[in-house]
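Take a look at the structure set out below.
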Amino acid sequence: MNWRAVGIGFAVELVLGLFAFALPGVGHAAAGLVGGFVAGYIAGGGLLRGAWHGLVAGGLGGILIAVALGVGAGTVGTVALGPLGPLVGGTVFLVALFVALLMAIDSAIAGAVGGLLG
């Protein structure tokens, strides 16, 4: 595992993701594609190695976002709903985690292309 490639790919996704709010949906998908490609390109080694590094870079970002959304929803839910707040936060976390991992698939595909070219 080339953690340098994953870290750089994740950083690219994070920076582009901040600018992606100008183009909701399209911008975030493009951030995942570019970050996955960068991770795969830096890791090199072919199709599977590039795909793996792109998937890890994309998944890492998605997991961190899911944790932040879960904590935020749990905090707001606790204030608004009392003892049911953690249930709301946990549900939001699980849904966000599932969506984030699905979105990491585009990073894996771009990482595979980057691995072939790297």
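Just so you know, all these numbers are worked out from the coordinates, no wet-lab data involved. On a predicted model such as this, the values are computed, not experimentally measured, just so you know. Note that we place each Cβ from the backbone using ideal geometry, even for glycine, and neighbour counts take in every protein chain shown.
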For segment 95-111, 3J(HN,Hα) per residue [Karplus equation, 6.51 cos²θ - 1.76 cosθ + 1.60, θ = phi - 60°, Hz, x = Gly/Pro]:
5, 5, 5, 4, 5, 5, 5, 5, 5, 6, 5, 5, 5, 5, 5, 5, x
Once each part is reduced to its C-alpha centroid, what is the distance from segment 89-114 to segment 46-87 in angstrom?
9 Å
Relative counts (whole %) of C-alpha pair distances in segment 3-117, using bins that are 10 Å wide:
18, 38, 26, 13, 4, 0
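Counting other beta carbons within 10 Å of each residue's own, what order do Leu33, Leu23 fall into, fewest first? Provide the component values of the computation, followed by the final result.
Numbers: Leu33 21, Leu23 12.
The most exposed by this proxy come first: Leu23, Leu33.
If you take the Cα Rg of segment 71-110 and divide it by 2.2 N^0.38 Å, with N the number of residues, what do you get?
For segment 71-110, the normalised Cα radius of gyration comes out at 1.51.
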Report, in degrees rounded to the nearest 10, the 0 to 90 angle that the Cα long axis of helix 26-43 makes with the longest principal axis of the chain.
50 degrees
Just order 105-117, 67-79 by mean Cβ neighbour count inside 10 Å, highest at the front, would you?
105-117, 67-79
For the chain, longest principal axis from Cα atoms; helix 47-81 axis from its Cα atoms; angle between them, nearest 10 degrees, is 10 degrees
Testing the spin-label approximation: label points 7 Å from Cα along Cα→Cβ at Leu81 and Arg4. State their distance in nm.
4.6 nm
